[in-house]
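The values are calculated or read from the model by the stated rules, or taken from the named source; none is laboratory data. Everything quoted here is computed from the prediction, not taken from an experiment. Using ideal geometry, Cβ is built from the backbone for each residue, glycine included, and neighbour counts are taken over all protein chains shown. Ligands, DNA and RNA are excluded from the accessible area calculation, which covers all protein heavy atoms including side chains. Shrake-Rupley method; radii C 1.70, N 1.55, O 1.52, S 1.80 Å.
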Amino acid sequence: MDGTILVTGGAGYIGSHAVLALLDAGREVVVVDNLVTGFAWAVDPRATLVEMNVADPRMSDLLRAHDIRAIMHFAGSVVVPESVSDPLKYYENNTAATRALLASAVAAGTPHFIFSSTAATYGTPDRVPVAEGDPTVPINPYGMSKLMTEAMLRDVAAAHPMNYAALRYFNVAGADPQGRSGQSTVGATHLIKIAVEAATGKRNAVGVFGTDFPTRDGTGVRDYIHVSDLAAAHVAAFDQLAAEPARSHTLNCGYGRGFSVLEVLDAVDRVTNLKLDRRLESRRAGDPAELIADNRAILATLPWRPERDDLDGIVRDALAWERRLGEREKGRQG
Ligand code: UFG
């Protein structure tokens, strides 16, 4: 296999799944993570874990020492409301840290860069499904910090021998179907994570944030993508960047269909055979009614096809992981 991949944020939720996908594809992997929100135990032992900030000046030496072919850059801050109350944290951890990482990559001559971008770069889209060429008008510092990084990537790739893929994630959910990783974030705010926490007794109820949206049942509609499909898209993006070094890509990562909050909760009820307590609440600030990916570009560009486009399956995998987390916590207390 040609070359080692460096995964920043590989101890986090999505990064740890990318590490698994790369290792399963026979790649060598070095993880760089500062373990502020990630967990060392989430990194598969076949990968090398380096505890370090991505902006650390030693990064270029690390890239050279391992002859890194590509950086998959997952590390960053991801909580939208926090980005509103502490914007400079987001411009530091997402934008400035990536600038430093890119400087190391340029210094070391790293040829490929795969970046975790987000549907939050679109803000409130004028139309759904939203396509990559549609206006990007972020409505919070999180989205802006990622959009600024996309701009840096474009300019760096024009000036230096590097190409990149900016992958704009929609709503990532689920867990490794083999139970090797999942979302372990403490204090998570994501709907499916919250719902499986409620299903495993960690919460009493699930709030439904807004019932008066112009959608089929009044609740918010999102394009939920299985984290293992998303991880596979990263592996495919690397192969594409290596095959065609003169081209870079900005691609939506979603399935191109949406489910409402109530439909998601129905799925959780079906999978668990429970009836979760739903509390109808008012809208959360800044939530668009509907966010669905136009995914024609990724389907046309990468040899990637959704394999887990099944809401019940996503919920089943998320639930299995939540139960494992519960066992792990019990084990620690006992
Ligand atoms: N929701 C609830 N109750 C909850 C949690 C969420 O009703 O307890 C609703 C939200 O209002 C929304 C939907 O469920 O309609 C999904 O909410 P999430 O918080 O799971 O996800 P978001 O769509 O708000 O956020 C996602 C990503 C962000 C990204 C954003 C915009 O997680 O990183 O999309 O692209 F910024």
Practice prompt. Keeping all protein chains in place, calculate the accessible area per residue for the stretch 206-334 (probe 1.4 angstrom), answer in Å².
Written response: 48 Å²
Worksheet, complete the sentence: Note to self: C-alpha centroids of the stretch 117-151 and the stretch 195-255 sit apart, in Å, by 15 Å
Worksheet item: Helix 261-272 sits at what angle to the longest principal axis of the chain, using alpha carbons and giving 0 to 90 degrees rounded to 10?
Response: 80 degrees
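Could you give the accessible area per residue of the stretch 41-98, probe 1.4 Å, as a whole number in Å²?
Working: 3020 Å² over 58 residues.
Per residue, the stretch 41-98 has 52 Å² of solvent-accessible surface.
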Discussion item. Please list, in order along the stretch 197-214, the HN-Hα scalar couplings obtained from phi with the Karplus expression 6.51 cos²θ - 1.76 cosθ + 1.60 (θ = phi - 60°), rounded to whole Hz, x for Gly and Pro.
Written reply: 5, 5, 5, 9, x, 7, 9, 7, 7, 10, x, 9, 8, x, 10, 10, 6, x
Practice prompt. Return the carbon/sulfur percentage of the accessible area of the stretch 75-130, one whole number, probe 1.4 Å, all protein chains in place.
Written response: 58 percent
Worksheet item: Near the amide H of ILE225, under 5 Å away, which other amide H atoms are found, from residues 5 or more places off or on another chain, if H is placed in the peptide plane?
Response: ASN171, VAL172, ALA173
Worksheet item: What FRET efficiency, computed as 1/(1 + (r/R0)^6) with R0 = 30 Å and r the Cβ-Cβ distance, is obtained for ALA100 and ASP134, rounded to the nearest 0.05?
Response: 0.50
Discussion item. What is the percent carbon and sulfur in the accessible area of the stretch 143-254, measuring with a 1.4 Å probe over the protein chains and ignoring ligands?
Written reply: 52 percent
Discussion item. Within the stretch 268-334, what whole-number % of the accessible surface is contributed by carbon and sulfur, with the 1.4 Å probe and all protein chains included in the calculation?
Written reply: 44 percent
